[in-house]
Amino acid sequence: MCHGAMWRSCLRLRDAGCRLLTQPRGALAAPARPGPTPQAPARAYAPPTGFHLIFQGGFEINLDHRKLKTPQAKLFTVPSEALAIAVATEWDSQQDTIKFYTMHLTTLCNTSLDNPTQRNKDQLIRAAVKFLDTDTICYRVEEPATLVELQKNEWDPIIEWAEKRYDVEIGSSTSIMGPSIPARTREVLISHLASYNMWALQGIEFVVTQLKSMVLTLGLMDLHLTVEQAVLLSRLEEEYQIQKWGNIEWAHDYELQELRARTAAGTLFIHLCSESTTVKHKLLQQ
């Protein structure tokens, strides 16, 4: 993925924001926690008559002049206008029912604002880097030979890229104990992640958890990989088994699309929280 593609995505969000400023859409309550829920609650109130983005030391999302709040009743305020528009678009996509489990950007914002686990920056960084010990693409099989070759062909170039990009050693292993990650590698990556703010770090840990890979997440952060590529690489062995033995007709597609959606939302969240993404008001008045 190139920078141009990322910014085209932001422009599409900007265009959606134009509609949200004038069209009746949306809901009021924000989702309380990540993860799917078996049933989506029906609306129990009249829909608000419009969305409004307001800058007051951060961007608020007001629904019919009512302020959106977090699960802990904090004012829902985000650091950039582009992120506010993305969240508003997410709410706008809700129709007759509110599907909390589809609102990944809103959930990440709530987590950043409420910090329910009460972790500081250092704890977030170390939680992400710890995934190196069990990184999906660092664990290799010894057989069958076709899967061994597939892992080598698909995963080795990503590890080599990360080692060159960050001037570290990562490697791979067929041992159940996993690869031995040098202390310097951890120190370099900890120092790199320390350059990100708390909001972006919440997104980074979220993506690492989805892919079960720090290396693939770094590829997404640096725009070296697309979301589709990262997801397929994280599921390489599973996809191999499906090609060999077949799959449950609907379950495979659902899981794949859900993982793509969560990974895409987390990646977008990282970029929107890491860069200056203010959308000019004059562009919203086209």
With the crude spin-label approximation of a point 7 Å out along Cα→Cβ, what separation in nm comes out for residue 191 versus residue 173?
2.4 nm
Compute the signed sum of charges (Lys and Arg +1, Asp and Glu -1) over the other residues within less than 15 Å, Cβ to Cβ, of residue 174.
-4
How big is the accessible area of residue 165 in square angstrom, nearest 10, if you roll a 1.4 angstrom probe over the protein chains?
110 Å²
Checked the stretch 122-198 against the a/c 1.5 cut and the a/b vs b/c comparison, axes a ≥ b ≥ c from its Cα gyration tensor; verdict prolate
With a/c under 1.5 counting as rounded, go ahead and sort the stretch 94-159 into rounded, prolate or oblate using the C-alpha gyration tensor (a ≥ b ≥ c being the square roots of the eigenvalues; past the cut-off, prolate if a/b is larger than b/c, else oblate).
oblate
Apply the a/c threshold of 1.5 to the C-alpha gyration tensor of the stretch 158-278 and tell me whether it is rounded, prolate or oblate.
oblate
Please give the contour-minus-distance gain from residue 115 to residue 154: 0.36 nm per residue of separation, less the Cα-Cα distance, rounded to one decimal in nm.
10.4 nm
Using the basic label-point model (7 angstrom from Cα toward the beta carbon), what is the residue 226 to residue 64 distance in nanometres?
4.0 nm
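The values are calculated or read from the model by the stated rules, or taken from the named source; none is laboratory data. Given the structure is predicted, the values throughout are model-derived calculations rather than measurements. Counting neighbours? That spans all protein chains shown, and the Cβs are built from the backbone with ideal geometry, glycine included. Surface accessibility is based on the protein's heavy atoms, side chains included, excluding ligands, DNA and RNA. Shrake-Rupley method; radii C 1.70, N 1.55, O 1.52, S 1.80 Å.
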